[in-house]
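Enquirer: Take a look at this one; I'll ask things after.
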Number of protein chains: 2
Amino acid sequence: MQLQIIATVDAVILTIDGGALKVVLHERPNDPFQGMAALPGGYIREDEDKNAEDAMRRVLSDKAGLSGFYLEQLATYSGPDRDPRGWSISVAYLALVPADQLKIDKSKAALFPVDDLPALPFDHGRILHDAVQRLRGKGAYSTLPASLLSKTFTLSEMHAAYEVALGMQIDASSFRRKVLALNILKDRAEMRQDGNKRPAKTYALKEGVTTFNRTLGAT
Amino acid sequence: MQLQIIATVDAVILTIDGGALKVVLHERPNDPFQGMAALPGGYIREDEDKNAEDAMRRVLSDKAGLSGFYLEQLATYSGPDRDPRGWSISVAYLALVPADQLKIDKSKAALFPVDDLPALPFDHGRILHDAVQRLRGKGAYSTLPASLLSKTFTLSEMHAAYEVALGMQIDASSFRRKVLALNILKDRAEMRQDGNKRPAKTYALKEGVTTFNRTLGAT
DNA sequence: AAATGCAATATGCAACTTGCTAATTAATGA
DNA sequence: TCATTAATTAGCAAGTTGCATATTGCATTT
């Protein structure tokens, strides 16, 4: 009653690098599409994975040495044609990783700006597009963009992260006022960031806060 | 390298009935859990379904005679234990259907208020919970709740739908003002709803409008 | 025919938010 | 000490929002 089905997971790993939103693409080691840059992914292993998310974490840990980052399920893509090997179903995830936590093996992977991408295999173009949509949509009224920063950050860094993640300019003054009024941050010790100018106070996200009613951007 | 995997789709069909948000549960005709009320669902058929959504529409059409309603992918649930038959993966969907478009075969299915549910098989309890969360979260700044109304509706009906969908009271006066300012509705002919009182103007959603920046509820 | 009941719809307003622009503050280096 | 630059505050006009109070249009009742 049920034929063989190919079940996989794929990750859209986003980060901020050089003031731009970038995605991690791996060079595929095997067929199909051997040698092409593609979203990192792998098979779900029924014998060892507790579920799809578990499989995704295993793959990300193995392929990219990643752990302790923000991960949310994006959507599931399926059909007979998306993978030349046959009817397949892929659960895609959105991962947000601070740049300094990404250690890329340059012989196998690289960062690409999300608005200047090479042709991608399978339906990875669509998946990537959906991932950016999700970040932009949900990011405006949630702490998602802050997941692209290290645990501790300044308001200027947070402001910049939101601008990059949402792909729009946000008035710095209003941003500070709104963020502070939302009461989603806790203070930390201070530090000067750029080395020369006035030092900025540092903050961290309060636990459990993820979404709010007012928007931090958009219009 | 890949064992047999069970691939299914499940639907959380929500509607407004008697002023409450309700879900359609089907009585399972076969094992496992034969006879229990559960989310309607079925196998993905690789030989005839173009993808998971296609399978979902086929199932809903066959089991409930539904077509032309709002359907969005919710999330995918997987693991070795959720289905006693083995490692399974289920793509869940959220369907929003106007009450008058639902024709339930009472010998096979029934409506249950989402805040007073029977015990559910598999992980259907969690899926249902996630579906309601989605409606409440996304509904505050989107036209989702209006999908629970017929094509044409009055502002009072729309207001009531948002209150039920979001599970909170919303000031009627502000609601009207905001909705009209958002410019997401187009006028229709008028009609009196309750028969005796002042007749209300009717509206329909403009095509393509789905989300907006201001919130229609929440705080 | 006028008064009444009710929901639909509109008005008024004080309190709050928001986008801008213009200060002020804290380091650094000349 | 002063100029420079980023961090952080202030000030304000314009726009929004919640809430309370009218008004309006039918149907039914006096």
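Enquirer: Hey, can you tell me all the residues within segment B:93-107 that are surrounded by fewer than 18 Cβ atoms within 10 Å (Cβ to Cβ) and outside any loop (DSSP other than H, G, I, E, B)?
Expert: Correct list: B:Ala99, B:Asp100, B:Gln101.
Enquirer: Among (1) within 14 Å of chain B (Cβ to nearest Cβ); (2) out of contact with any Gly (no Cβ under 8 Å at 6 or more places or on another chain); (3) in a loop (DSSP other than H, G, I, E, B); (4) not basic (Lys, Arg), which single condition is A:Gly208 missing?
Expert: Condition (1) is where A:Gly208 drops out.
Enquirer: Scan segment B:152-177 residue by residue and report those that are of a type in the set (S, T, N, Q) and free of Cβ contacts under 8 Å to residues at least 12 places away in the same chain.
Expert: Hits for segment B:152-177 are B:Gln169, B:Ser173, B:Ser174.
Enquirer: Moving to a separate point now. Quick test for you: out of B:Ile5, B:Ile44, pick the one residue that is surrounded by fewer than 20 Cβ atoms within 10 Å (Cβ to Cβ) and among the aliphatic types (A, V, I, L, M). So that I can check it myself, show each step before the final result.
Expert: Numbers: B:Ile44 fails: surrounded by fewer than 20 Cβ atoms within 10 Å (Cβ to Cβ).
Among B:Ile5, B:Ile44, only B:Ile5 is surrounded by fewer than 20 Cβ atoms within 10 Å (Cβ to Cβ) and among the aliphatic types (A, V, I, L, M).
Enquirer: Still on this structure: Only one residue in B:Asp10, B:Asp47, B:Asp17 is among the acidic types (Asp, Glu) and within 13 Å of B:Ile127 (Cβ to Cβ), so which one is that?
Expert: Matching residue, one of B:Asp10, B:Asp47, B:Asp17: B:Asp10.
Enquirer: When B:Gly137 is evaluated against the numbered criteria (1) assigned to a loop (DSSP other than H, G, I, E, B); (2) within 13 Å of chain A (Cβ to nearest Cβ); (3) more than 14 Å from DNA strand C (Cβ to nearest atom), which criterion, by number, is the only one it fails?
Expert: (1)
Enquirer: Looking only at segment B:160-175, which residues are more than 8 Å from DNA strand D (Cβ to nearest atom) and either among the β-branched types (Val, Ile, Thr) or outside the structural domain of B:Leu149 (by TED's automatic domain parsing) (or both)?
Expert: B:Val164
Enquirer: Which of the following residues is farther than 25 Å from B:Gln73 by Cβ, over 22 Å from the mean Cα position of the chain (by Cα) and either open to solvent by less than 30 Å² (accessible area, probe 1.4 Å) or away from DNA strand D (no atom under 15 Å from the Cβ) (or both): B:Lys178, B:Lys186, B:Lys197?
Expert: Working: B:Lys178 fails: either open to solvent by less than 30 Å² (accessible area, probe 1.4 Å) or away from DNA strand D (no atom under 15 Å from the Cβ) (or both); B:Lys197 fails: either open to solvent by less than 30 Å² (accessible area, probe 1.4 Å) or away from DNA strand D (no atom under 15 Å from the Cβ) (or both).
One residue alone meets the criteria, B:Lys186.
Condition check ((1) at pLDDT 95 or above; (2) within 12 Å of chain A (Cβ to nearest Cβ)) across all residues:
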| residue | (1), (2) |
| --- | --- |
| B:Ala38 | yes, no |
| B:Ala52 | yes, yes |
| B:Arg58 | yes, no |
| B:Leu66 | no, no |
| B:Leu71 | yes, no |
| B:Ala75 | yes, yes |
| B:Ser78 | yes, yes |
| B:Gly86 | no, yes |
| B:Leu94 | yes, no |
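Enquirer: Related question: Being over 12 Å from the mean Cα position of the chain (by Cα), on the phi > 0 side of the Ramachandran plot and open to solvent by 10 Å² or more (accessible area, probe 1.4 Å) is true for just one of B:Gly68, B:Gly79. Which residue is that?
Expert: Testing whether each residue is over 12 Å from the mean Cα position of the chain (by Cα), on the phi > 0 side of the Ramachandran plot and open to solvent by 10 Å² or more (accessible area, probe 1.4 Å) leaves just B:Gly68.
Enquirer: Also, I was wondering about something else. I'd like to check something: does segment B:144-164 contain any residue that is part of a helix (DSSP H, G or I), under 23 Å from B:Gly68 (Cα atoms) and within 14 Å of chain A (Cβ to nearest Cβ)?
Expert: Scanning segment B:144-164, I find at least one residue that is part of a helix (DSSP H, G or I), under 23 Å from B:Gly68 (Cα atoms) and within 14 Å of chain A (Cβ to nearest Cβ), so the answer is yes.
Enquirer: Can you name the condition, by its number, that B:Gly137 falls short on among (1) of a type outside the set (Phe, Trp, Tyr); (2) in contact with a Leu (Cβ under 8 Å, 6 or more places away or on another chain); (3) within 30 Å of B:Leu185 (Cα to Cα)?
Expert: B:Gly137 satisfies every listed condition except (2).
Enquirer: Further question on the same structure: Here are the criteria: (1) within 14 Å of chain A (Cβ to nearest Cβ); (2) in contact (Cβ under 8 Å) with a residue 40 or more places away in the chain. Tell me which single one B:Asp47 does not satisfy.
Expert: Tallying (1) within 14 Å of chain A (Cβ to nearest Cβ); (2) in contact (Cβ under 8 Å) with a residue 40 or more places away in the chain, B:Asp47 fails exactly one: (2).
Enquirer: I'd like to know if segment A:49-59 contains one or more residues that are exposed (fewer than 14 other Cβ atoms within 10 Å of the Cβ) and either assigned by TED's automatic domain parsing to the domain that holds A:Leu117 or within 15 Å of the chain's Cα centre (by Cα) (or both).
Expert: Our first condition is that a residue be exposed (fewer than 14 other Cβ atoms within 10 Å of the Cβ); within segment A:49-59, this holds for A:50.
Pick out the ones that are also either assigned by TED's automatic domain parsing to the domain that holds A:Leu117 or within 15 Å of the chain's Cα centre (by Cα) (or both) and you get A:50.
Within segment A:49-59, one or more residues are exposed (fewer than 14 other Cβ atoms within 10 Å of the Cβ) and either assigned by TED's automatic domain parsing to the domain that holds A:Leu117 or within 15 Å of the chain's Cα centre (by Cα) (or both).
Enquirer: Here are the criteria: (1) assigned to a strand (DSSP E or B); (2) within 14 Å of chain B (Cβ to nearest Cβ); (3) touching a residue at least 40 places away in the same chain (Cβ under 8 Å); (4) not aromatic (Phe, Trp, Tyr). Tell me which single one A:Ala110 does not satisfy.
Expert: Here A:Ala110 clears every test but (2).
Enquirer: Could you list, in sequence order, the residues of segment A:144-173 that are more than 16 Å from DNA strand C (Cβ to nearest atom) and among the β-branched types (Val, Ile, Thr)?
Expert: Within segment A:144-173, A:Thr152, A:Val164 qualify.
Enquirer: Within segment A:195-205, how many residues turn out to be in contact with a strand residue (DSSP E or B) (Cβ under 9 Å, 6 or more places away or on another chain) and in a loop (DSSP other than H, G, I, E, B)? Working first, answer last.
Expert: Filtering segment A:195-205 down to residues in contact with a strand residue (DSSP E or B) (Cβ under 9 Å, 6 or more places away or on another chain) leaves A:199-205.
Narrowing the set further to residues that are in a loop (DSSP other than H, G, I, E, B) leaves A:199.
So the answer is 1.
The values are calculated or read from the model by the stated rules, or taken from the named source; none is laboratory data. Just so it is clear, the model here is predicted, and its values are computed rather than measured. No Cβ is skipped: glycine too gets one built from the backbone with ideal geometry, and neighbour counts run over all protein chains shown. In case anyone asks, the SASA skips ligands and DNA or RNA and just uses the protein heavy atoms, side chains included. Shrake-Rupley method; radii C 1.70, N 1.55, O 1.52, S 1.80 Å.
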